[in-house]
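In what follows, a single structure is set out as structure tokens and then discussed.
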Amino acid sequence: MNKNYLLSLSGFVALLALSSCSSDIDNNMVDDQISYLKGDVVRSVSVFDEKYDLSVIKSGKGRTDATVTIAFADTALTNYNTSKGTAYRFLPSEHYSLSSSLLNFGKSDAREISELSWKQDKVLSAIGDDENYAIPCKIFSKGTASNLSNDLVILNLKKSSVTMDTQLAATLTPTADETLVDTLTSSISMDYPISNKSLEVNLEIDNSLIAAYNSANGTSYTEAPKGLISLPSSSVTIDGGQASVEFKYVITGSKFFDNGSLISFSSYLVPVKIASTSISGVGVKNQVMFIPVKNETKVLMGPWKVIEGADQCYGREEGSPNWAKGYLVDRMVDGNLATEWISKFQSDNTFPMAFVFDMGSMHLFNVFKIKDHGTFQGNYREYEIYMAKDYKEAATEWVKVASGKRGYGWTSDGGLYDFNVQKTYVGRYLKFVIVKPESSAGDYAHGRGKLSEIYGEGL
């Protein structure tokens, strides 16, 4: 057979197959149709955007031209309300305009955009606080008139508002560290973000709001010392398209003190207010965040570190039995009222008996608590307690904060006794001195004694 004939026949078959394939592909595609770019029919937009892009697409085989008209159809809005049970109101068309109400699609064109624009002041004046006003934008098509879908967008213009995310912040309490400067964070959110503009939110502390808060809530907060709570920045910015922004406030520990002594107070209230915004007409809902500051006593308890006097215990006494090895000085400040320290038991204890503890951070005590133990109780009742900011071994500058003899009344499990502070002082290191035992005879030979815990209340 002629070779050239075979080649021609082969080419014809290939062309036939390709033609058949192309036809199949075309058959599997839908006819051209016009629609809005997919999304909810009702689209809530901030009135402060002042524009919205109506995006219309042509999809399908790409075989036809199309002319699309966008119209503000109040009848379409009425029909939507009837079918969905909504109550949107038509915003008259004199308040807005289209960059083009006519969009022309060539065969290969897939997307055209018309910009809907308005002036925020004009629209705000028309809608006031009513959030039901809407612009119904319906598309009609020539050339593909029978192939319309997603043909309605209802633009619901919203008046954006900002709000404090928290009305009542977490309660703050005094700190014994006068050098403390602590930064805390809260946030402001916007219900309908402005897509194309930044919004500056101005903040201030407004103490005039305290009286009204007390009246509404039955409280008795007072104004805080100036600078106790401060704002590092008087404004924050919500960037375009963003829904929230953080702001910071600072608590300054030194403002709790006057010449080294804690200022006496019950509770302060610091109102942080949204004073204004950079765009006129933006609403403010929850305008104020209140920061409560309360002088609440805390339990100050170990575990603390023993740095002097660790050998003054049965657990380290030479010749003590194995069961006694756990009865160490650490138990006096381990934060557990059920454990106890036992003094030397088989040899003489030396008095005054002193222990030094590192509490790990600065504290100020209002009262000390001494927990006696169920046995050998009442033999250690007379104390001196000192505090220091820094520990320098023998050169430590100790300040006596309490001394005297605590009360005593026998109980089966050992009583818990207050030992009152006579001088308030802020320090990290505590020296506890047992001045003398009540007895060194009988069961109390060698000046024996036990204590379960030393701790206190304060800051």
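The values are calculated or read from the model by the stated rules, or taken from the named source; none is laboratory data. Predicted model only: the values in this text are computed from it and were never measured. Note that each Cβ is placed from the backbone with ideal geometry, even for glycine, and that neighbours are counted across all protein chains shown.
If you go through the stretch 281-322 and keep only what is touching a residue at least 40 places away in the same chain (Cβ under 8 Å), part of a loop (DSSP other than H, G, I, E, B) and farther than 30 Å from Tyr386 by Cα, you end up with Gly281, Val282, Lys285, Asn286, Gln287.
Taking the stretch 124-168 as the range and being closer than 22 Å to Arg111 by Cβ and among the acidic types (Asp, Glu) as the test, only Asp151 passes.
For the stretch 340-388, filtered to residues that are more than 13 Å from Gly449 (Cβ to Cβ) and acidic (Asp, Glu), the residue that is farthest from the chain's Cα centre (by Cα) is Glu384.
Within the option set Ser141, Ser117, being crowded, with 20+ Cβ neighbours inside 10 Å and hydroxyl-bearing (Ser, Thr, Tyr) holds for one residue only, Ser141. Could you tell me whether the stretch 136-154 includes any residue that is touching a residue at least 40 places away in the same chain (Cβ under 8 Å) and within 34 Å of the chain's Cα centre (by Cα)? No. Restricting Leu116, Leu124, Leu98 to those that are under 22 Å from Ser46 (Cα atoms), in contact with a helix residue (DSSP H, G or I) (Cβ under 7 Å, 6 or more places away or on another chain) and of a type outside the set (Lys, Arg) reduces the list to Leu124. For the stretch 327-344, filtering for residues that are part of a loop (DSSP other than H, G, I, E, B), touching a helix residue (DSSP H, G or I) at 6+ places or on another chain (Cβ under 8 Å) and among the aliphatic types (A, V, I, L, M) leaves 1. Got at least one residue in the stretch 372-386 being in contact (Cβ under 8 Å) with a residue 60 or more places away in the chain and surrounded by fewer than 15 Cβ atoms within 10 Å (Cβ to Cβ)? Taking every residue of the stretch 372-386 in turn, at least one turns out to be in contact (Cβ under 8 Å) with a residue 60 or more places away in the chain and surrounded by fewer than 15 Cβ atoms within 10 Å (Cβ to Cβ). With respect to the stated conditions, Phe355 is hydrophobic (A, V, I, L, M, F, W, C), assigned to a strand (DSSP E or B) and touching a helix residue (DSSP H, G or I) at 6+ places or on another chain (Cβ under 7 Å).
Restricting Gly374, Gly360 to those that are assigned to a loop (DSSP other than H, G, I, E, B), of a type outside the set (Asp, Glu) and either under 20 Å from Lys298 (Cα atoms) or in the same structural domain as Asp443 (by TED's automatic domain parsing) (or both) reduces the list to Gly374.
In the set Asp53, Asp40, only one residue is loosely packed, with under 13 Cβ neighbours inside 10 Å, in contact with a Ser or Thr (Cβ under 8 Å, 6 or more places away or on another chain) and not assigned by TED's automatic domain parsing to the domain that holds Asn196; that residue is Asp53.
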